[in-house]
Amino acid sequence: MDSFFEWDPAEAASADAIAVGSSTFDYAMHPPISKFIDKMVQFGVEGKTGAAFGSYGWSGEAPVQIANKLRKAGMEVIDPVLRIQYAPNEKDLLECNRLGKDLAGKLKRK
């Protein structure tokens, strides 16, 4: 797969865990990400484990908005959501690693 736009929302919904990310643009997640989540939710994601992450330069709302959409769809979202300002530094990369481990840990317990 070469592009996000080639990803199938039904295939994403069939996964045991779903991590969704977006940079913040104009105080929101990118519209294609929002539409993708809406389509994915139609295929049923209730009870699945989710994670939200994203980068930002100024305000950083997108990851929280993603988490809210996933929760509204009935997913159990890992807290805290991962928000990274600009390019990740060493501490941020450790947080990315932590999120991955948290997601894997939740799957092991299910």
- On the given criteria, is K106 surrounded by 16 or more Cβ atoms within 10 Å (Cβ to Cβ), outside any loop (DSSP other than H, G, I, E, B) and basic (K, R)? yes
- Within segment 85-97, which residues are closer than 13 Å to A52 by Cα and more than 13 Å from the chain's Cα centre (by Cα)? E95
- Message: Yes or no: segment 69-87 includes at least one residue that is touching a residue at least 40 places away in the same chain (Cβ under 8 Å) and closer than 13 Å to A28 by Cα.
- Response: no
- Can E76 be described as closer than 17 Å to L107 by Cβ and open to solvent by 30 Å² or more (accessible area, probe 1.4 Å)? yes
- Hits in segment 18-39 - residues which are outside any helix (DSSP H, G or I) and under 11 Å from the mean Cα position of the chain (by Cα): I18, A19, V20, G21, S22, S23, M29
- Query: What are the residue pairs meeting all of these: first residue in segment 19-32, first residue over 28 Å from G105 (Cα atoms), second residue buried (at least 17 other Cβ atoms within 10 Å of the Cβ), Cβ atoms under 6 Å, and 6 or more apart or on different chains?
  - Reply: Y27/E61; H30/S22
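The values are calculated or read from the model by the stated rules, or taken from the named source; none is laboratory data. These numbers come from a predicted model, not from an experiment. So basically every Cβ, Gly included, is an ideal-geometry build from the backbone, and we count neighbours across all protein chains shown. We work out accessible area using only protein heavy atoms, side chains counted, and drop any ligands, DNA or RNA first. Shrake-Rupley method; radii C 1.70, N 1.55, O 1.52, S 1.80 Å.
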